Amino acid sequence: MLEDSQVERILVVNAHPDDADFGAGGTIAHWTAQGIEVSYCLLTNGDQGGFDDTPRHEMGPLRQREQRAAGAELGVTDIEFLGHPDGHLVPTIALRGEVVRAIRRVRPQRMLIQSPERNWERIFASHPDHLAAGEIAIQAVYPDARNPFAFPELLEQGYEPWTVEEVWVMGNPKRDHFVDITDTIDKKLAALRAHTSQTSHMDLDTRITEWGAMIAKDAGLPEGRYAEGFMVVATN
């Protein structure tokens, strides 16, 4: 497993605006505080989200604005929206190529993705778009991003092959690595509050602190600490 000191760039590939902030906001804030450059590649426009009567044609642009504000709270400014329709993600070759392009553009040592495996213990982590985004991302990591013969049009456009050394998976029950986010949970909460269309009806403080405390307990941390958990996969 890479030490954070060995990592210069991290690419987050998720289905929706707010997914990364819910699943790893404290960890992302921890990374950027160390000077690591974190980029987001979000596959959908999030237009099926929300809990009010906002017109659907306005929801996608609204969620993009919210995500940029949330990213600023965590120190993330490089945010790419691929703009695919919310709720319709499937692991196509074409979409895989778009993620390969993002990988080759950012050239990350580490990636953060969603789990392509259904989590029967916590079903809301396994939205169909999350499962599809996880499958697309891991296929893009291996074999395509490193393979000069995959998507030759990208090579012609100047996107050279790149090998991602490790992948962190959110929402997978087989967590084997934990990050203490006690010092950054306030930044995570600030990022989530920026997603007003998605979170204004929630008691965020209670939900996020209880969730973080539960994961910290699983990690063996003392009472009063908060954590996020991941499955870490080496790709070499």
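The values are calculated or read from the model by the stated rules, or taken from the named source; none is laboratory data. Quantities reported herein were computed from a predicted structural model and do not represent experimental measurements. Cβ sites come from the backbone with ideal geometry, for glycine too, and all protein chains shown count toward neighbours.
Of these, Pro61, Pro17, which one is over 27 Å from Asp186 (Cβ atoms), at pLDDT below 95 and not hydrophobic (A, V, I, L, M, F, W, C)?
Pro61
Return the residues of the stretch 1-21 that are out of contact with any Phe, Trp or Tyr (no Cβ under 9 Å at 6 or more places or on another chain), under 15 Å from Trp168 (Cβ atoms) and surrounded by fewer than 24 Cβ atoms within 10 Å (Cβ to Cβ); say none if nothing qualifies.
Met1, Leu2, Glu3, Gln6, Arg9
Please state which one of Ile79, Ile103 is closer than 22 Å to Trp31 by Cβ and either polar (S, T, N, Q) or not in a helix (DSSP H, G or I) (or both). It would help to see each step written out before you state the result.
Working: Ile103 fails: either polar (S, T, N, Q) or not in a helix (DSSP H, G or I) (or both).
Criteria check complete, one pass: Ile79.
Residue by residue through the stretch 13-28, note down the ones that are in contact with a Lys or Arg (Cβ under 9 Å, 6 or more places away or on another chain) and either closer than 15 Å to Leu89 by Cα or without any contact (Cβ under 8 Å) to a residue 40 or more places away in the chain (or both).
His16, Pro17 - these are the residues of the stretch 13-28 that are in contact with a Lys or Arg (Cβ under 9 Å, 6 or more places away or on another chain) and either closer than 15 Å to Leu89 by Cα or without any contact (Cβ under 8 Å) to a residue 40 or more places away in the chain (or both).
Going through Thr163, Thr184, Thr199, Thr209 one at a time, which residue ends up being in contact with a Leu (Cβ under 6 Å, 6 or more places away or on another chain) and of a type in the set (Ser, Thr, Tyr)?
Thr199
Residues of the stretch 160-193 being over 16 Å from the mean Cα position of the chain (by Cα) and small (Gly, Ala, Ser), which ones?
Ala190
Residue under question is Gln67, and the condition is that it be within 14 Å of the chain's Cα centre (by Cα) and closer than 26 Å to Asp180 by Cβ; does it hold?
Values: within 14 Å of the chain's Cα centre (by Cα): yes; closer than 26 Å to Asp180 by Cβ: yes.
So Gln67 fits the description; yes.
Somewhere in the stretch 45-55, is a residue closer than 23 Å to Arg104 by Cα, crowded, with 24+ Cβ neighbours inside 10 Å and touching a residue at least 24 places away in the same chain (Cβ under 8 Å)?
Within the stretch 45-55, not a single residue is closer than 23 Å to Arg104 by Cα, crowded, with 24+ Cβ neighbours inside 10 Å and touching a residue at least 24 places away in the same chain (Cβ under 8 Å).
With respect to Arg68, is the statement that it is over 28 Å from Lys174 (Cα atoms), modelled with pLDDT under 95 and surrounded by 15 or more Cβ atoms within 10 Å (Cβ to Cβ) true?
Against the criterion (over 28 Å from Lys174 (Cα atoms), modelled with pLDDT under 95 and surrounded by 15 or more Cβ atoms within 10 Å (Cβ to Cβ)), Arg68 does not qualify.
Would you point out which residue out of Gln198, Gln157 is surrounded by 15 or more Cβ atoms within 10 Å (Cβ to Cβ) and not aliphatic (A, V, I, L, M)?
The conditions single out Gln198.
Report whether or not Asp52 is modelled with pLDDT under 95 and not hydrophobic (A, V, I, L, M, F, W, C).
Answer is yes for this residue.
Among the residues that make up the stretch 41-50, is at least one of them touching a Lys or Arg at 6+ places or on another chain (Cβ under 6 Å) and either closer than 21 Å to Phe124 by Cβ or among the acidic types (Asp, Glu) (or both)?
For the stretch 41-50, residues touching a Lys or Arg at 6+ places or on another chain (Cβ under 6 Å) and either closer than 21 Å to Phe124 by Cβ or among the acidic types (Asp, Glu) (or both): present.
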